[in-house]
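Trainee: First the structure, then my questions, so here it is.
The values are calculated or read from the model by the stated rules, or taken from the named source; none is laboratory data. None of the values given here were measured: they were computed from a predicted structure. Glycine gets a Cβ as well: all are built from the backbone with ideal geometry, and neighbour counts include every protein chain shown.
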Amino acid sequence: MAAVVGLHEKRPALPEKLKELQTKGKKLTQTLKHQMTMRVKRMKVAEGRRLNIGQFPNFHRSGSIRGMKKLYYGENCLLVRCGKLHLQRDLRTLNLQSGNNLNHKNMENYNGIAISKNDKEFVVAFDNFVNGKMQSATNTGKALATIHRYLQSQAFKVCVAYFRQLAVNYRTGYYDERNEMAARRAAMMYDTLMNGHEIYDPEYKKLKDKSV
């Protein structure tokens, strides 16, 4: 009888053990969640240049992985680190091995160009904006330079892509007197970026060498 009573007196210590296990379990869960949030794949700079990964959404390695995922990319996205950049890899639409970041099922046609619905909406809106609605190109440029700094980088990519296409048009003679100045100056600007090794674009270099 005394042994049974002694057994009952020791039982209250069991909940303390459970609490300890619960605490360890929570810490382990938090650690695993942190590791999943901070995980990145690594890519050599040479491979990144070959795939032209600068075209994808990216931020400098000094930026916060946790913060960028929370604000823009989503907790479950996988980031690829290449040199000084972290790049978003959306597993649903982005395949870095093929250099293809478009979901072709959702593409639409715009003047013979395959373009996503969202991108097409922007092009149409911008077309209407510069066609009579814009009051000051200078003030518009100043205002755009005040948006979020990460978004400034994204907007600049659109500008560079626009310059590149105008430069390609200039090199291939696809322009007339209405847009000759824009095409020529775009080619000069893009050539400057190429000559300064800011952009790696062997396809354009081959086109430029051919046109000279």
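Trainee: Starting from residues that are of a type in the set (Phe, Trp, Tyr) and free of Cβ contacts under 8 Å to residues at least 60 places away in the same chain, keep the ones in segment 119-158 and report whichever is surrounded by the most Cβ atoms within 10 Å (Cβ to Cβ).
Mentor: Of all residues in segment 119-158, those of a type in the set (Phe, Trp, Tyr) come to 122, 126, 129, 150, 156.
Next, only the ones that are free of Cβ contacts under 8 Å to residues at least 60 places away in the same chain stay: 122, 126, 129, 156.
Details: Phe122: 12, Phe126: 14, Phe129: 11, Phe156: 12.
So, considering only residues that are of a type in the set (Phe, Trp, Tyr) and free of Cβ contacts under 8 Å to residues at least 60 places away in the same chain, the one surrounded by the most Cβ atoms within 10 Å (Cβ to Cβ) is Phe126.
Trainee: Starting from segment 160-178, take each residue that is of a type in the set (A, V, I, L, M) and list its partners that are surrounded by 12 or more Cβ atoms within 10 Å (Cβ to Cβ) and assigned to a loop (DSSP other than H, G, I, E, B), counting only C-beta distances under 9 angstrom and pairs at least six apart or across chains.
Mentor: Sorted first by the residue in segment 160-178, then by its partner, the pairs are Val160/Ile199; Leu166/Tyr175; Leu166/Asn179; Val168/Tyr174.
Trainee: Restricting attention to segment 124-176, and to residues there that are β-branched (Val, Ile, Thr) and under 30 Å from Lys70 (Cβ atoms), which single residue is nearest to the chain's Cα centre (by Cα)?
Mentor: Val158
Trainee: Is it the case, given these coordinates, that Tyr174 is over 21 Å from Val123 (Cα atoms) and either at pLDDT 90 or above or not in a helix (DSSP H, G or I) (or both)?
Mentor: Numbers: over 21 Å from Val123 (Cα atoms): no; either at pLDDT 90 or above or not in a helix (DSSP H, G or I) (or both): yes.
So Tyr174 fails the test.
Trainee: Output yes when any residue across segment 141-150 is among the hydrophobic types (A, V, I, L, M, F, W, C) and either at positive phi or not in a loop (DSSP other than H, G, I, E, B) (or both), and no when none is.
Mentor: yes
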